[in-house]
Amino acid sequence: MTTKTTRDILHETALKAPLLSGVYLWKNTDGTVIYVGKAKNLKNRLTSYFSGKKDIKTRLLISHASSIEYITTTNEYEALLLENNLIKKYSPRYNINLKDGKSYPVLRITKEDFPKLFKTRRILQDGSTYFGPYPDVNALDTFLETIFKLYPVRHCRTLRKRETPCLYYHIKQCMAPCCNKISKESYNQFIGEIINLLEGKANSTIDALTEQMKKAGKELNFEKAALLRDGIKALMVLQNQNIVENFDSEDRDYIAYYSEGELISFTVLKIRQGKLLGRENFRVESLNDEDDLTGEFMACYYEKASQIPPNIYITKTGEYQNISTWLKQTFPEAAANLIMINSDKGDNPRDKAAINMAIQNAKEDIIRRLRDRGDSPAMEELKSLLNLDCLPIRIEGFDIAHIGGKFPVASLVSFYNGNPDKKNYRYFRLKTTDGMIDDFASMREAVSRRYTRLLNEQADLPDLILIDGGIGQVNAAEGILHALNLDIPLIGLAEKNEDIYLPGNSTPIRLPRRSDALRLLQRVRDETHRFATSRNQNLRTKENTDSIFLEIHGIGKKRALELQKKFITLENLCNSEESAVAQVLHIPATDAAQILLSAKQLFKEQEKTKKLQELALNKAGTTKEKSAGSQYLDDLAEQALFAASKHD
């Protein structure tokens, strides 16, 4: 066996990185950070280090590196800020030395009777309100330009009493507080609206701006419409919740976890002096109930009062009160405030974003753990549970998707060693059930087409087949396997109660929610559902652009559109008169007759193919004898199944 080099290990780490924005850290053998970088797409950026010819600096970086770590962020702006913070914290050898300490600009609203709004890089502890920082300076400038045109707030550096107002008053961009032309209360209403916009609390204002933009466009006032459009776009950029850095100087921890079976990964985001300086990941194994996990972790994580910040934010748990009591009794001198955040209903957008970021980082760590070890415990449990002859190394899953019987699609996903094997994914455009709702018949067609092909190609068969559905779908698939004389273990997983069904047995098997075997089956089932649904959506989109009428001889896109508008279906066209076709297409009756003849031939071919497939599947579903199955393969598979397999 070839020993992997450090470069090979680094390359594998890069290939396994997520397709998310974030910051990555290169470390040497001593664990020292030697380079910090940011990426809009971590996988693409990291893999680029190992492709093509690189400059001397990059080659030196790779040669001195021992490991790569990464932190996912909500967006690329947070990645920019976090990169800046980490470079200043670690001073990595291969980064540019940020000697000037330059920071990103912020918005400052002064603490005055008539506040001023402006961009700055200086933070003064004078009671002013700050928003930001904002890496996208162009968006910030556009936002300020729009604000000054929409809200008549002052532009002057210093407010002095005047007898006559300045030019901004006359062009209606300031209400001249210097001349007492507006009250303090009225002026601060404008400031309040601007603050709400920056805090993301003024959706009604954004809707109003959008309506103004549309109105300006209708009135052909394109300059105003463009201004409003750019202002709304800039505002949406600025409203991206930034939890990497803010002006709340109070220290706090965000604690969240993600679990797969007994594997649990905790992530702690540590905010100190208003900045996120990194995150810590902790890997544990536990079979405790989910409500007990956070308390169990905190009891191990916090060992002394000096570690505990004033505020600790955790995900929703039924043991919140017990954890809070434990914290106060064990560390009374810390006076910590425990706050529970529901990730989808958090009151504070910043805290909700921070918890979601922690959950995402914990999830990525779980994905790495599963990929590194494979899913042996789950496969061992499945082997024991189902009395299999061997480990289910290769699992294939099926699901059916349709919209009211239209565009029926079957998905096939493949898992190898407990992980998705996407190069072996397939989908089937179902023919025998197009236009009707029959999941059993759909499953029979999908299974027959898949394993007929594998038999003819003499390809490897899976160790286990998983059907997304209950006993009906399982029995339908089992009938096909019998007809093909195949002895592949087959089960179904019904989503409602996560019941496992075996062929011919209506009494389900129920596993504990934390079971490794159940978790693996759920992953396969969820992936089949996702893949089937996405393919069904693609077909619906394609149907909006591609028409069956285009297959009629002598019909182009324009005429196909006219026929579809008038007749809707090919069958309706075939049942119409020559005069109706001639009238729609504005053509002579002789040409209309030729089009009708071609349409009828096309419809006849479709019906013939459909009947052949139905006959094949019905025969496969009822016979139990090897000879009948062989006859089915010889006589009908080539005509029906292989004809349809071109759509696989």
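Of note:
- When restricted to residues that are assigned to a loop (DSSP other than H, G, I, E, B), touching a residue at least 40 places away in the same chain (Cβ under 8 Å) and either closer than 25 Å to LYS224 by Cα or out of contact with any helix residue (DSSP H, G or I) (no Cβ under 6 Å at 6 or more places or on another chain) (or both), the stretch 118-154 contains 7.
- Residues within the stretch 427-451 that are at pLDDT below 90 and charged (D, E, K, R), tallied: 5
- Note on the stretch 370-447: enclosed strands (runs of 3 or more DSSP E) holding 1 or more residues that are under 20 Å from GLU260 (Cα atoms) and among the hydrophobic types (A, V, I, L, M, F, W, C) are 394-403, 406-416.
- Residue that is more than 22 Å from ARG279 (Cβ to Cβ) and either in contact (Cβ under 8 Å) with a residue 60 or more places away in the chain or open to solvent by 70 Å² or more (accessible area, probe 1.4 Å) (or both), where the choices are LYS54, LYS16, LYS4: LYS4
- Only one entry of ILE271, ILE355, ILE359 meets the criterion of being part of a strand (DSSP E or B) and open to solvent by less than 50 Å² (accessible area, probe 1.4 Å), and that entry is ILE271.
- Scanning the stretch 570-588 for residues that are without any contact (Cβ under 8 Å) to a residue 12 or more places away in the chain and either open to solvent by 60 Å² or more (accessible area, probe 1.4 Å) or not in a helix (DSSP H, G or I) (or both) returns ASN572, ASN575, GLU577, GLN583, HIS586, ILE587, PRO588.
- Taking the criterion of being hydrophobic (A, V, I, L, M, F, W, C), farther than 14 Å from CYS156 by Cα and open to solvent by less than 70 Å² (accessible area, probe 1.4 Å), the residues of the stretch 107-138 that qualify are LEU107, LEU124, PHE131, VAL137.
- All positions within the stretch 414-448 that are touching a residue at least 60 places away in the same chain (Cβ under 8 Å) and open to solvent by 10 Å² or more (accessible area, probe 1.4 Å): PRO420, TYR425, ARG426, TYR427, ARG429, LYS431, ASP434, ALA441, ARG444
- Some residue of the stretch 627-646 being open to solvent by less than 70 Å² (accessible area, probe 1.4 Å) and either in a loop (DSSP other than H, G, I, E, B) or modelled with pLDDT of 75 or more (or both): no
- All positions within the stretch 291-317 that are open to solvent by 60 Å² or more (accessible area, probe 1.4 Å) and outside any helix (DSSP H, G or I): GLU303, LYS304, LYS316
- Only listed residue being buried (at least 23 other Cβ atoms within 10 Å of the Cβ) and touching a residue at least 24 places away in the same chain (Cβ under 8 Å), chosen from ALA477, ALA494: ALA477
- Some residue of the stretch 243-257 being at pLDDT 85 or above, of a type in the set (Gly, Ala, Ser) and either assigned to a loop (DSSP other than H, G, I, E, B) or in contact with a Leu (Cβ under 7 Å, 6 or more places away or on another chain) (or both): no
- Per-region count, the stretch 449-460, residues open to solvent by 60 Å² or more (accessible area, probe 1.4 Å) and under 31 Å from the mean Cα position of the chain (by Cα): 0
- Scanning the stretch 367-379 for residues that are free of Cβ contacts under 8 Å to residues at least 12 places away in the same chain and closer than 18 Å to LEU466 by Cβ returns no hits.
- Within the stretch 468-488, the set of residues being out of contact with any Lys or Arg (no Cβ under 9 Å at 6 or more places or on another chain) and of a type in the set (A, V, I, L, M) comprises ILE471, VAL474, LEU481, LEU484, LEU486, ILE488.
- Among the residues of the stretch 69-83, those identified as open to solvent by 20 Å² or more (accessible area, probe 1.4 Å) and in contact with a strand residue (DSSP E or B) (Cβ under 9 Å, 6 or more places away or on another chain) are GLU69, GLU76, LEU80, GLU83.
The values are calculated or read from the model by the stated rules, or taken from the named source; none is laboratory data. Note that this is a predicted model, so its numbers are computed, not measured. Note: ideal-geometry Cβ built from the backbone for every residue, glycine included; neighbour counts use all protein chains shown. Note: accessible area is taken over every heavy atom of the protein model, side chains too, but ligands, DNA and RNA are not part of it. Shrake-Rupley method; radii C 1.70, N 1.55, O 1.52, S 1.80 Å.
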